[in-house]
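All remarks here apply to the structure that follows.
The values are calculated or read from the model by the stated rules, or taken from the named source; none is laboratory data. Fair warning: this is a prediction, and the values are worked out from it, not measured in the lab. No Cβ is skipped: glycine too gets one built from the backbone with ideal geometry, and neighbour counts run over all protein chains shown. These area figures cover heavy atoms from the full protein model, side chains too; ligands, DNA and RNA do not enter into them. Shrake-Rupley method; radii C 1.70, N 1.55, O 1.52, S 1.80 Å.
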Amino acid sequence: MSRADWPQGWGDLYEPMSVCPRCPELVKNRTQVVAGDGPPDARLVLVGEAPGWHEDQQGLPFVGPAGQLLDQLLRSVGLSRSQVYITNVIKCRPPQNRDPLPQEVENCRPWLEAQLARLKPRVIIPLGRHALVWFFPQESIARLHGTTRRREGVVYYFLYHPAAALHQPSLKRTLEEDFKRVPALLAEAAPAAPDKPQPEQLSLF
Ligand code: SF4
């Protein structure tokens with residue numbers, strides 16, 4: 001991603017992130033930091049695990065085969081990538097696509113926290129186990145997929161990671177089924193129209 005594609009006014013966040021030195025092994029192996037992609041006013045944020053080879057090369061999240069599946073899923077519910085913000089728990093590709101180390105997740109935590117503080121999304125979808133436990137430690141994606149939680153005005157909706165679904169046809173079917181609920185969650189989380197206050201609904205958030 002070039003600087004020209006950074007969200008307007010986010011240079012003070014993306015600039016230091018793009019040269020982040022916190023994880024020496026990742027810094028040594030990365031082509032570039034993959035900060036995230038999407039409009040700064042997105043109501044829906046999807047959070048994956050870590051950049052893979054394609055993402056590392058292009059500087060964009062979810063552009064490999066898992067990203068193509070995610071695009072398909074978004075299209076299947078009438079959404080496009082231009083409407084959502086996509087990022088990962090860690091912003092640099094682990095060598096050989098290994099799992100992120102706990103220390104790397106902690107090192108990177110302030111970046112994702114800063115992104116979410118700016119985005120103020122209504123709905124967050126953690127994709128897969130690593131993203132789930134970033135938000136809700138000790139939880140299991142096998143148990144929580146397809147369910148929601150509400151916390152501090154945000155609806156969390158848990159889905160399997162598209163990369164896992166690519167390797168297991170049964171998970172892919174589950175992910176496709178679970179994804180169908182996304183538009184309803186977005187509609188439910190939308191703020192009430194100013195001329196039609198809905199105090200009961202607002203009190204949920
Ligand atoms: S993974 Fe995150 S914390 Fe680690 S070097 Fe990359 S941007 Fe920095």
Pick out, from segment 1-112, the helices (runs of 4 or more DSSP H) lying fully within it that include 2 or more residues that are within 16 Å of the ligand (Cβ to nearest atom) and either crowded, with 23+ Cβ neighbours inside 10 Å or on the phi < 0 side of the Ramachandran plot (or both).
11-18, 24-29, 53-58
Out of Pro121, Pro126, sole residue that is in contact (Cβ under 8 Å) with a residue 40 or more places away in the chain and over 22 Å from Glu104 (Cα atoms)
Pro121
Please work out if Glu177 is in a helix (DSSP H, G or I), modelled with pLDDT under 95 and over 28 Å from Trp53 (Cβ atoms).
no
Out of all the residues in segment 37-68, which are aromatic (Phe, Trp, Tyr) and within 14 Å of the chain's Cα centre (by Cα)?
Phe62
Give Pro61, Pro94, Pro51, Pro7 a once-over and let me know the one that is modelled with pLDDT under 95 and either within 22 Å of Val133 (Cα to Cα) or touching a Lys or Arg at 6+ places or on another chain (Cβ under 9 Å) (or both).
Pro7
Take the residues in segment 113-140 that are part of a helix (DSSP H, G or I) and open to solvent by less than 20 Å² (accessible area, probe 1.4 Å); name whichever of them is nearest to the ligand (Cβ to nearest atom).
Gln115
